[in-house]
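Worksheet: one structure, shown below.
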Amino acid sequence: MRQQNEKTPSALGRPRSLLRTVGSISSATMASRVLGLGREMTQSYMFGAGPVTDAFLAAFRIPNLLRDLFAEGALSAAFVPTFIGIRERDGTEAAWQLARRVMTALAVLLGVLTLVIAVGAPWILRIYVGGFEPEKLALTATMTRILSPFLLFIALAAVAMGILNACGRFFVPAFASAWFNVAAILGMVFLTPLFRRAGIDESLSLAYGALIGGMLQFAVQWPSLRAEGFRYRPMFDFGDPGLRRMLRLMAPATAGLAATQVNILVDTVLASHYGDGPITWLQYAFRLLQLPIGLFGVAIATANLARVSADAARGDNDGLKANLAAALRTAALLALPATVGLIVLRREIVAALFERGAFTAGDTARTSAALMCYALGLYAYAVTKIQVPTFYALGETSTPVRASVGSVLTKIAANFAFLALLPKLGIDAFLGLALSTSVGAWINFAWLAGGLRKRIGGLSGQGVVAATLKMLALSLLMGLVVEGTQRVLGLILYDGTIERLLRLGLAILSGVLVVALVVPHLGLPETRGLYQRLRRSR
């Protein structure tokens, strides 16, 4: 039985609003995403968009796939509700034992997987990036071997994040990934000249910096785990009911959350046949898409997961629907303006961030075109990160799997259709890979929405559709204002670096002002309390 004197985490006791919790996560995630942009800006400046960056991104994509699934997906979606459920029923020590067993199991399983990837890298890559030239393929294999231990450290970091989230601590784990980016930046800045002087391939600084960053992402969370009372010791018990339940959830959860990552892998395989650059252009564009997804999509999903897990554990269907509706309204509030902003300002954003050093104006044109194609699916990406964990909090696994498989198949079919069609229209073929990714994201979103309706009932009366339509109209208005601001400033300011940054900053400011002035009049519950607090603080 749970002890009466145990503390209930604030995230589960709900003294804080969802929007405030999201704000805490978003502030940490913003720092991480900005540093992530800094990492890729440094990378583009030093290595441009060509064989070196293509090789690194292809090598990193193998462990990065598991990072995205674990750190922002399947592991947390399976671990958090299991951990909370055991703590609610059996107390804190039983939950700690589950955490120890999970960490031990991951250390064993991913240790073996690390060895498999390190040994089998050349054979894996011949299938994965078969379009690479031999020299480029050899460099990719070397980087893959260096990065293979990254899997283990990032999975342990994901467990630490899940524990801290379940304990109502969101800032530290959300900020942990910032250390990965810091290490990667420092690796390029300091290891590149050091390797050059030592006669070592300087491009390997990309791989070593990323590996050190993965280690740091786990290490920086350890003090917070100890402060919560967690003490690790190896515990081998694969028959533990909690561990087995988590693994049962995690296997289909991985499939349910894998749509985006599988699509990226497919894109890499196909893009490897289109020469030097497409892998890098697609990656940089998708990085810019991940910035808003990380700032609010992951943040909303993380905050919502603990709430719906507690609702599901108590059998409170009405509370679960209310929390889910709040998350969906918040997603519309944030994702739709971001979508329009990325589309309208795509070229200016890419040029301001990347166009310097070895990164050319041609690279900017292709990256910004890919960004527009990806941005069309931003809202679907953000909402899917809310939908899928909700299914697993309910113990439902089949619908996300079916939705994921359906979206992946749609994406693959669309890939080949666009690759054949776009060149006939005079459009770069590789853009079809980005466009088909957005098509797959919308299929996934629609399938999951229908599944949730069947599982918990409709959300009528919760204001989700009305909020979404209002924010869509406001976002289109914002887009017109931003585009107009851009055109006027283009007539006034020259096309230098400073002027370009000034135009971009003022255009973004004009969009923010439109949203800030209109949103209070839309009657959204998530903003009503926020604006009341702002007025009281004056």
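Before moving on, here are some points about what is shown:
- Scanning segment 13-35 for residues that are of a type outside the set (A, V, I, L, M), more than 30 Å from residue 306 (Cα to Cα) and either at pLDDT 75 or above or out of contact with any His (no Cβ under 8 Å at 6 or more places or on another chain) (or both) turns up nothing.
- With respect to the conditions (1) of a type in the set (Phe, Trp, Tyr); (2) modelled with pLDDT of 85 or more; (3) under 16 Å from residue 56 (Cβ atoms), residue 128 falls short on a single one, namely (2).
- Among the residues making up segment 399-430, those that are open to solvent by less than 20 Å² (accessible area, probe 1.4 Å), farther than 17 Å from residue 262 by Cβ and in a helix (DSSP H, G or I) are 399, 422.
- A search for C-beta distances below 7 Å between a residue of segment 103-122 that is among the polar types (S, T, N, Q) and any residue that is open to solvent by 20 Å² or more (accessible area, probe 1.4 Å) and in a helix (DSSP H, G or I), counting only pairs 6+ apart in sequence or on different chains, returns 114/152.
- Among the residues here, residue 344 does not qualify as over 18 Å from the mean Cα position of the chain (by Cα) and open to solvent by less than 30 Å² (accessible area, probe 1.4 Å).
- The single residue among 361, 375 that is of a type outside the set (D, E, K, R), under 25 Å from residue 508 (Cβ atoms) and open to solvent by 50 Å² or more (accessible area, probe 1.4 Å) turns out to be 361.
- Restricting 458, 440, 463 to those that are open to solvent by less than 60 Å² (accessible area, probe 1.4 Å), without any contact (Cβ under 8 Å) to a residue 60 or more places away in the chain and out of contact with any His (no Cβ under 6 Å at 6 or more places or on another chain) reduces the list to 458.
- If the condition is being under 15 Å from residue 78 (Cα atoms) and among the β-branched types (Val, Ile, Thr), then segment 145-179 contributes 159, 163.
- Residue in segment 88-107 that is assigned to a helix (DSSP H, G or I), farther than 21 Å from residue 236 by Cα and more than 22 Å from the chain's Cα centre (by Cα) present: yes
- Subset of segment 268-320 that is acidic (Asp, Glu) and touching a residue at least 40 places away in the same chain (Cβ under 8 Å) - its residue that is most open to solvent (accessible area, probe 1.4 Å): 276
- For segment 466-506, the tally of residues that are of a type in the set (Val, Ile, Thr) and exposed (fewer than 15 other Cβ atoms within 10 Å of the Cβ) stands at 4.
So that you can scan it fast, the table gives a plain yes or no per residue for (1) among the polar types (S, T, N, Q); (2) under 28 Å from the mean Cα position of the chain (by Cα):
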{"residue": "189", "(1), (2)": "no, yes"}
{"residue": "195", "(1), (2)": "no, no"}
{"residue": "205", "(1), (2)": "yes, yes"}
{"residue": "208", "(1), (2)": "no, yes"}
{"residue": "213", "(1), (2)": "no, yes"}
{"residue": "225", "(1), (2)": "no, yes"}
{"residue": "234", "(1), (2)": "no, no"}
{"residue": "237", "(1), (2)": "no, no"}
{"residue": "241", "(1), (2)": "no, no"}
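This table checks each residue for (1) touching a Leu at 6+ places or on another chain (Cβ under 7 Å); (2) modelled with pLDDT under 80; (3) among the hydroxyl-bearing types (Ser, Thr, Tyr); (4) not in a helix (DSSP H, G or I).
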{"residue": "294", "(1), (2), (3), (4)": "no, yes, no, no"}
{"residue": "300", "(1), (2), (3), (4)": "no, yes, no, no"}
{"residue": "321", "(1), (2), (3), (4)": "yes, no, no, no"}
{"residue": "326", "(1), (2), (3), (4)": "yes, no, no, no"}
{"residue": "336", "(1), (2), (3), (4)": "yes, no, no, no"}
{"residue": "347", "(1), (2), (3), (4)": "no, no, no, no"}
{"residue": "350", "(1), (2), (3), (4)": "yes, no, no, no"}
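- Among the residues of segment 151-204, those identified as of a type outside the set (Phe, Trp, Tyr), part of a helix (DSSP H, G or I), within 30 Å of residue 310 (Cβ to Cβ) and open to solvent by 20 Å² or more (accessible area, probe 1.4 Å) are 156, 161, 172, 177.
- Among the residues of segment 195-245, those identified as among the polar types (S, T, N, Q) and within 26 Å of residue 43 (Cβ to Cβ) are 203, 205, 217, 221.
So that you can scan it fast, the table gives a plain yes or no per residue for (1) buried (at least 19 other Cβ atoms within 10 Å of the Cβ); (2) over 28 Å from residue 186 (Cβ atoms); (3) in contact with a Cys (Cβ under 9 Å, 6 or more places away or on another chain):
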{"residue": "42", "(1), (2), (3)": "yes, no, no"}
{"residue": "109", "(1), (2), (3)": "no, yes, no"}
{"residue": "113", "(1), (2), (3)": "no, no, no"}
{"residue": "120", "(1), (2), (3)": "no, yes, no"}
{"residue": "129", "(1), (2), (3)": "yes, no, no"}
{"residue": "134", "(1), (2), (3)": "no, yes, no"}
{"residue": "139", "(1), (2), (3)": "yes, no, no"}
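- Among the residues of segment 210-239, the ones that are open to solvent by less than 80 Å² (accessible area, probe 1.4 Å) and touching a residue at least 60 places away in the same chain (Cβ under 8 Å) come to 15 in all.
The values are calculated or read from the model by the stated rules, or taken from the named source; none is laboratory data. Quick caveat: nothing in here was measured; it's all calculated off a predicted structure. FYI the Cβ positions are ideal-geometry reconstructions off the backbone, even for glycines, and counts take in every protein chain you see. What goes into the accessible areas is simple: the full protein's heavy atoms, side chains included, and nothing from ligands, DNA or RNA. Shrake-Rupley method; radii C 1.70, N 1.55, O 1.52, S 1.80 Å.
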